[in-house]
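Report on one structure; see the data block that follows.
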Amino acid sequence: MLTTFLYFGPFSLDLLFHVYFLQRYARLLEESSGRSPAHFSWLLVYSMAFLLMLSPMVSMPFLGHPLSSTLVYIWSRRNPETRLSFLGLLIFTAPYLPWVLMGFSLVMHGTVPKDEIMGVVIGHIWYFFTDVYPPMHNGSRPLDPPMWWRRLFEGRQQREETAGDVNNDFAVAGGPELAHADMR
């Protein structure tokens, strides 16, 4: 199940673009997220799981291209002001990158790039539930990694402060008579 994401097809210009974009935009996405490695790895697990579930419906045995498209789409949506150039001929902003790549794939192969469309759909679901949905729903992030996953990458976190801890800190700072009253 893992090797399906490592095959990008026979050697071609399209292969070089996808491998380059996968490496470049995965690195930029991980570095710019500002979150822990657990969040980026959870994104990869989410993307791979959904690609595996959808691949039988579209008869697609190899999923390297859709994974690449997913990561490119998410990066492009998170960097809307970034200007890019495609082959030095076409200048556009980052949100158009997935569509430019689809057009290039259409020209190269002469067929609708369903692998890239599938990657964009999965990337859009992730983008929506991690970047658009939380501000509208009191910060709720349904696609954030569970705590057990975060512990795998971050180890045990220091105990979070509770309301009681904060009150004790203020009491101790208030004077010795308040500190003794709290200890009883």
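The values are calculated or read from the model by the stated rules, or taken from the named source; none is laboratory data. Since the structure is predicted, the reported quantities are computational estimates derived from the model, not experimental observations. FYI the Cβ positions are ideal-geometry reconstructions off the backbone, even for glycines, and counts take in every protein chain you see.
Below are the figures for this structure:
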item: The lone exception for Tyr127 - which of (1) in contact with a helix residue (DSSP H, G or I) (Cβ under 8 Å, 6 or more places away or on another chain); (2) farther than 23 Å from Trp42 by Cα; (3) not charged (D, E, K, R) it fails; result: (2)
item: Verdict on Leu52 being at pLDDT 85 or above and either within 12 Å of Phe5 (Cα to Cα) or hydroxyl-bearing (Ser, Thr, Tyr) (or both); result: yes
item: Subset tally (residues that are part of a loop (DSSP other than H, G, I, E, B) and in contact with a strand residue (DSSP E or B) (Cβ under 8 Å, 6 or more places away or on another chain)) for segment 57-86; result: 3
item: Residue in segment 93-102 that is in a strand (DSSP E or B), more than 21 Å from Met57 (Cβ to Cβ) and of a type outside the set (Gly, Ala, Ser) present; result: yes
item: Leu101 out of contact with any Asp or Glu (no Cβ under 7 Å at 6 or more places or on another chain) and either more than 29 Å from Pro146 (Cβ to Cβ) or crowded, with 17+ Cβ neighbours inside 10 Å (or both); result: no
item: Residue check for Ser59: surrounded by fewer than 18 Cβ atoms within 10 Å (Cβ to Cβ), touching a residue at least 24 places away in the same chain (Cβ under 8 Å) and more than 27 Å from Glu154 (Cβ to Cβ); result: no
item: Positions within segment 112-152 being in a helix (DSSP H, G or I) and small (Gly, Ala, Ser), in sequence order; result: Gly119, Gly123
item: Some residue of segment 147-157 being loosely packed, with under 13 Cβ neighbours inside 10 Å, modelled with pLDDT under 85 and polar (S, T, N, Q); result: yes
item: Test: residue in segment 93-115 that is charged (D, E, K, R), within 30 Å of Leu13 (Cα to Cα) and modelled with pLDDT of 85 or more; result: yes
item: Within segment 3-36, tally of residues that are loosely packed, with under 12 Cβ neighbours inside 10 Å, part of a loop (DSSP other than H, G, I, E, B) and without any contact (Cβ under 8 Å) to a residue 12 or more places away in the chain; result: 3
